[in-house]
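Remarks on the structure that follows.
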Amino acid sequence: MSRTRLVFSGGLLLFAIIFTFKHHLGFSVGDSLLLFIGISPYTTSYLSGVHITMYFGLGMLACGYYLTRKEIMCKFPLVAKTLWIAVLSIIFCYSFMTDKLMYVVKWGATGMNSISYMQNDSSCTYDVSSNGYALATCELTLKNYSNSAVAVMIKPDLYGSYSNQDDPLSESLQSVHLEAKPIRIEPRKTFTGTLEFSGVAESPLEVRGNLKDIVLDVAVDGRNTVFDYDIP
């Protein structure tokens, strides 16, 4: 058994799991890496077509598993034969493990650094009237991983959350200005709830609809951050 080959094969196996499967924010590192280099993780559109990340990841996972099992078979045959159980356990627990890891990593964080937003679990139902009144009812989930409470001002960005940004609806949503809402997230707790945001539309188009993967504007202690993970 070569230590170098074992480290390489084990590293490949671990990287394949991290690359392929969803972490605590609800999407994978592989999706983010492909988007970063300008490649869509899907062959057509969001959740449509072939998921390229999964194909690449499963290929690496198969190679990493085969090589690791081969390296340890001679000296640790029992471990090699039960390796698949360990791999499946890590895969099924990966999202949970990364979530719990964040409580350790961000234990002493403060303000904005302590907050994470579950964008893939978010949605908004919007209603824009002809007189310019706009209302958005949103399901949102935010987590405070630190050991101190955080007061947060939040508001959804309907325009940024809308994918077809070359039509009349896009122009109407861009003109909507919603009022921010305050929430308080207790230490090491999750806020999940329904909030109503009201505002005005400068270019009103009487329309109503539903959006998912909401881009969220968050302010903590006067510092603003737009949470937009560019989920594929």
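The values are calculated or read from the model by the stated rules, or taken from the named source; none is laboratory data. Keep in mind it's a predicted model, so treat the numbers as computed, not measured. Quick reminder, even Gly has a Cβ in these numbers, built from the backbone with ideal geometry, and neighbours come from all protein chains shown. Accessible surface is based on the protein model in full, side chains and every heavy atom, while ligands, DNA and RNA are left aside. Shrake-Rupley method; radii C 1.70, N 1.55, O 1.52, S 1.80 Å.
Here are the numbers for this structure:
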| read-out | value |
| --- | --- |
| Most mobile listed residue (LEU216, LEU158, LEU12) in the chain, GNM with C-alpha springs under 10 Å | LEU12 |
| Cα gyration tensor of the chain - equivalent ellipsoid semi-axes, whole Å, descending | 42, 22, 12 |
| Contact order normalised by residue count of region 111-227, Cα under 8 Å, 6+ apart, percent | 40 |
| Distant alpha-carbon pairs in region 77-144 (separation over 19 angstrom), percent | 62 |
| Among ILE90, GLY10, HIS24 - extreme Cα towards positive end, dipole of region 3-106, charges at beta-carbon | GLY10 |
| Computed magnitude of the charge dipole of the chain (debye, nearest 20; Cβ of K, R +1, Cβ of D, E -1) | 1820 |
| Per residue solvent-accessible surface (Å²) - the chain, probe of 1.4 Å | 56 |
| Distance between region 182-232 and region 12-29 - C-alpha centres, whole angstrom | 26 |
| Cα-based reach from LYS70 at 21 Å (exclusive), listing lysines while leaving out same-chain residues under 8 positions away | LYS81 |
| Two-decimal ratio, region 135-182, of alpha-carbon radius of gyration to 2.2 N^0.38 Å | 1.48 |
| About the Cα centre, charge dipole magnitude for region 3-106 (Lys/Arg +1, Asp/Glu -1 at Cβ), debye | 440 |
| Extent along principal axes [Cα atoms of region 111-227; Å; largest to smallest] | 45, 23, 21 |
| 5 angstrom amide H check on SER28, placed H, neighbours 5+ away | HIS23 |
| Taking the chain and dividing mean pair separation by its residue count, relative contact order in percent (alpha carbons under 8 Å, at least six apart) | 21 |
| For region 3-106: span of alpha carbons on each principal axis (Å, largest first) | 46, 33, 22 |
| Top of ILE37, ILE52, ILE185 by mean-square fluctuation, Gaussian network on the chain, Cα under 10 Å | ILE37 |
| 5 angstrom amide H check on THR141, placed H, neighbours 5+ away | MET118 |
| Across the chain: Cys residues that no other cysteine approaches within a C-beta distance under 4.7 Å | CYS63, CYS74, CYS93 |
| The chain, accessible surface, carbon-and-sulfur percent (1.4 angstrom probe) | 60 |
| Rounded tilt (10° steps) of 52-73 against the dominant C-alpha axis of the chain | 20 |
| Region 1-139 - percent relative contact order, Cα under 8 Å, separation 6 or more | 26 |
